[in-house]
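Colleague: This is the structure I want to talk about, given as structure tokens.
The values are calculated or read from the model by the stated rules, or taken from the named source; none is laboratory data. Just so it is clear, the structure is predicted and the values come from calculations on it, not from any experiment. Cβ sites come from the backbone with ideal geometry, for glycine too, and all protein chains shown count toward neighbours.
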């Protein structure tokens, strides 16, 4: 029996199909080379359907980016929390490298759109807000790692700053790999990530209320 969708359900279905088509176009062609017409055609709708759901091509990209982040938060983060902070950082550092065939197109358009945002200040706040959502579990991981090692971060450094620096380095390594794939593999990304984390946590004093001996720094 065919299930009839409500008007709200049909609208949401249309929106999701447009987002999937847009993501495929952006990943394969880039942000600037993709047109709203192409997205609509790929999804099987008119251009009017795109503009009835999204204000602009930038708005469409933001929605794609936000959906990807929310999927990570809902589908990936719970498993990483269960695995523990150390395994989570290992997986995050190596995952993008190991998924290169599937994710390179998205990584390339992500960099392209980031550069686009830098030239359009009116877009920065929204981009930063979505990006911050992705960084939240990273900051939580840093906090958990410090707790596991019974260490406190240096007084002038926050977990959010460490997460931002770690992610910036891993993103930078990803950019280098796009142009020099032979120069970088998952193990290099993993080791560089731990060099940063160990440098911060290794320089951190134990909490004043903690009388347990400081754990040795990891060597990698």
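Colleague: Out of 96, 85, 49, 43, report the one residue that is over 14 Å from the mean Cα position of the chain (by Cα), at pLDDT below 95 and surrounded by 17 or more Cβ atoms within 10 Å (Cβ to Cβ).
Modeller: Numbers: 96 fails: over 14 Å from the mean Cα position of the chain (by Cα); 49 fails: at pLDDT below 95; 43 fails: at pLDDT below 95.
Sole residue among the options that is over 14 Å from the mean Cα position of the chain (by Cα), at pLDDT below 95 and surrounded by 17 or more Cβ atoms within 10 Å (Cβ to Cβ): 85.
Colleague: Among the residues of the range 126-185, how many are more than 16 Å from the chain's Cα centre (by Cα), within 28 Å of residue 105 (Cα to Cα) and in contact (Cβ under 8 Å) with a residue 40 or more places away in the chain?
Modeller: Residues in the range 126-185 being more than 16 Å from the chain's Cα centre (by Cα), within 28 Å of residue 105 (Cα to Cα) and in contact (Cβ under 8 Å) with a residue 40 or more places away in the chain: 5 in total.
Colleague: Test each condition in (1) assigned by TED's automatic domain parsing to the domain that holds residue 185; (2) farther than 19 Å from residue 190 by Cα for residue 49 and report the one that comes out false.
Modeller: For residue 49, the exception is condition (1).
Colleague: A further question on this structure: Which count do you get for residues in the range 109-122 that are surrounded by fewer than 18 Cβ atoms within 10 Å (Cβ to Cβ) and either under 26 Å from residue 81 (Cα atoms) or touching a helix residue (DSSP H, G or I) at 6+ places or on another chain (Cβ under 7 Å) (or both)?
Modeller: Here is the first cut: in the range 109-122, the ones surrounded by fewer than 18 Cβ atoms within 10 Å (Cβ to Cβ) are 111-112, 114-116, 118-122.
Now restrict to residues that are either under 26 Å from residue 81 (Cα atoms) or touching a helix residue (DSSP H, G or I) at 6+ places or on another chain (Cβ under 7 Å) (or both): 111.
Within the range 109-122, residues that are surrounded by fewer than 18 Cβ atoms within 10 Å (Cβ to Cβ) and either under 26 Å from residue 81 (Cα atoms) or touching a helix residue (DSSP H, G or I) at 6+ places or on another chain (Cβ under 7 Å) (or both) number 1.
Colleague: With respect to the numbered conditions (1) assigned to a loop (DSSP other than H, G, I, E, B); (2) closer than 25 Å to residue 179 by Cβ, which one is the sole condition not fulfilled by residue 127?
Modeller: The number of the failed condition is (1).
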